[in-house]
Structures are given as structure tokens and as C-alpha cells.
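The values are calculated or read from the model by the stated rules, or taken from the named source; none is laboratory data. Keep in mind that this is a model prediction, so the values were computed, not measured. In this analysis, Cβ positions are derived from the backbone assuming ideal geometry, glycine residues included, and neighbour counts consider all displayed protein chains. Just so you know, the surface numbers come from the protein's heavy atoms only, side chains and all, with ligands and any DNA or RNA stripped out. Shrake-Rupley method; radii C 1.70, N 1.55, O 1.52, S 1.80 Å.
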Amino acid sequence: MNNSVDSPSSHFIAINFHGFHDANMALDCVRSVLSSAKGLSGPVEFVFFHPSNPPLPNDLVEGLEALSVTRMGLPESSNGERLNAQLQKSAGFSFFYRVDADDLVSKDRFRWQSAQFLNSGCDICGGGLVYHNIKTGERSDIFPPERPGILSYLFNRHFLHPSLAFRLETFKLQYSADRLEDKELALSARRANLIVRNDQRIYGTYNLNPNARNGKSFAKRELKLNLAYILETRKYWAMPIAFGLFALSWLIKRDTLRNIRKIILPSRSSG
């Protein structure tokens, strides 16, 4: 379809594939997207974005062709830069929905999310996810606060990135090229006075690699963003929490921090 908007709402769904993603998982993701997209009214377009090199596995290409899904290659770049390219392709649509190709989408996610935009007036909408630890098989339901604030930002529960969608009329931000692109996005949204709402329903399954995003450089970057958010919101009382989290990140693995977060913050916590 072209990008004209012939109905009150039109929808662009971007499936973001990395070379390290499993082909079978990616096809399962696409099938879940197609099933969920049936709940939307108005024009819908979904595109499978992938690195231009190396080429996709033949079985993945054949599977996407069988499902009549459009593929679009992107130059090798950071994840944030690739997400910005996807946003550029969505020009002319009402809403942009982000999907990671190694995750699954709930049957009603897109319908629920579209209703959130129409009923709450939010600019950024997220939802809850089932976190599936790919190493241990453990599953847990995670819900970011409906109205996220300083604690949800510090504890990385401001919103859950695989569940995000944007109102394109007001969302004029760009992702950072850094690995903490989602955390920087939340800070930029605060500075731009955009409204964030997290639906208190499960929007999909997030396949979690417990060894991801460890390292001291990551911890330093996170501290810098946490302090910037505290200064932006003037919640100076949260400074000791930010430095405490920084110290813990040097001593223990990120997956252990996630388990601590589950204890400190209930599954449906306040902002």
C-alpha cells in the first residue's frame, strides 16, 4: 500500500531483525504480528527490516515470501540508527509499532495499543511483557507503571522497548546510536513533554538473554542518564539510589539486578 491515510487511523508495524536472531523464531514472530494486526481497522503496513549484509537465510526468505511480508534491507549500523530509519519509512501513518524479531506479539496488542492512543491521548504507549529467560526457561510477567516516573526510570521499567508504539503526529524524536537508546529516548520524551502511558496488559513475550548489557562502560552510561533524568525532574532525593544502582552494577551481573528489581518493585508498581 502507499502511505496515504484514508481512514481516521493508519498503522505501520516495523519488525526489527538482527543477524543473530534465529530464523524460526523470526517467522514465529511474524506470524504473531499478522495475527494481531487482524484486530486493527484502517490501513496497515508491516515491513521486515534486516541488515543488507550478510543475506538472510534461504528458509527465512522463503517463509517471509510465503507470508507475503515485505522485506527491507538496511545498512549495517547501530540499533538506534536502524530504528530511526524504520521511523522514516513510516511517514504518513498515524501510529508506529515496534516489534523485535526474536519476540512474540499478543493477539490483541495492536488493537489495545491503538485504543490507548485514541482514548488516553498519549504520545508513547507501551505494555506489559512475559519475560522469558532463554537460558533457564523461567518466565515472569513484567508490567511497567501506567504513568512512569523517577523510580521506574532508575530501575529500567519506564517502558519495555519491545512493546512500544508512537503517535507519529507528535513523536518527533530520534533514537540514540548508543546501546542505551531506549533509556535516552525516555529522557528525550520527558524533555519534549510527551505523554507516556503503559497499558496494564500483556503485549507479548520478550526472549531475554541474561548475559546482555553487562560491563562497566554500560554502567557508566546508565549512571549518566539516571543523573540527567533526576536533574530534569528535580527529584534530587533519588541521587543516592542512582549511585547505589551504579555501585551494584559494578559488583553483580545485570540478570541478578533484574531479580533484585522484582523484589523491590512489585509486578504492578507505581512510577
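Restricting region 128-175 to residues that are in contact with a strand residue (DSSP E or B) (Cβ under 8 Å, 6 or more places away or on another chain) and among the β-branched types (Val, Ile, Thr) leaves a set whose member that is most open to solvent (accessible area, probe 1.4 Å) is ILE134.
The number of residues in region 90-133 being touching a helix residue (DSSP H, G or I) at 6+ places or on another chain (Cβ under 9 Å) and assigned to a strand (DSSP E or B) comes to 16.
With respect to ARG201, determine if the residue is in contact with a Phe, Trp or Tyr (Cβ under 9 Å, 6 or more places away or on another chain) and in a loop (DSSP other than H, G, I, E, B). Criteria not met by ARG201.
Go through the residues of region 1-15 one by one and say whether even a single one is open to solvent by 50 Å² or more (accessible area, probe 1.4 Å), assigned to a loop (DSSP other than H, G, I, E, B) and either farther than 22 Å from PHE95 by Cα or touching a Phe, Trp or Tyr at 6+ places or on another chain (Cβ under 9 Å) (or both). Yes, some residue in region 1-15 is open to solvent by 50 Å² or more (accessible area, probe 1.4 Å), assigned to a loop (DSSP other than H, G, I, E, B) and either farther than 22 Å from PHE95 by Cα or touching a Phe, Trp or Tyr at 6+ places or on another chain (Cβ under 9 Å) (or both). Of all the residues in region 221-252, those that are at pLDDT 90 or above, open to solvent by 60 Å² or more (accessible area, probe 1.4 Å) and of a type outside the set (Ser, Thr, Tyr) number 8.
Please verify whether PHE166 is assigned to a loop (DSSP other than H, G, I, E, B) and touching a residue at least 24 places away in the same chain (Cβ under 8 Å), treating the condition exactly as stated. No. Contact map, region 118-133: first residue within 17 Å of ARG190 (Cα to Cα), second residue surrounded by fewer than 17 Cβ atoms within 10 Å (Cβ to Cβ), Cβ cut-off under 6 Å, separation 6 or more or different chains; pairs are CYS122/ILE195; ASP123/THR170; ASP123/ILE195.
Residue-level analysis places GLY42 among those that are on the phi > 0 side of the Ramachandran plot and touching a residue at least 24 places away in the same chain (Cβ under 8 Å).
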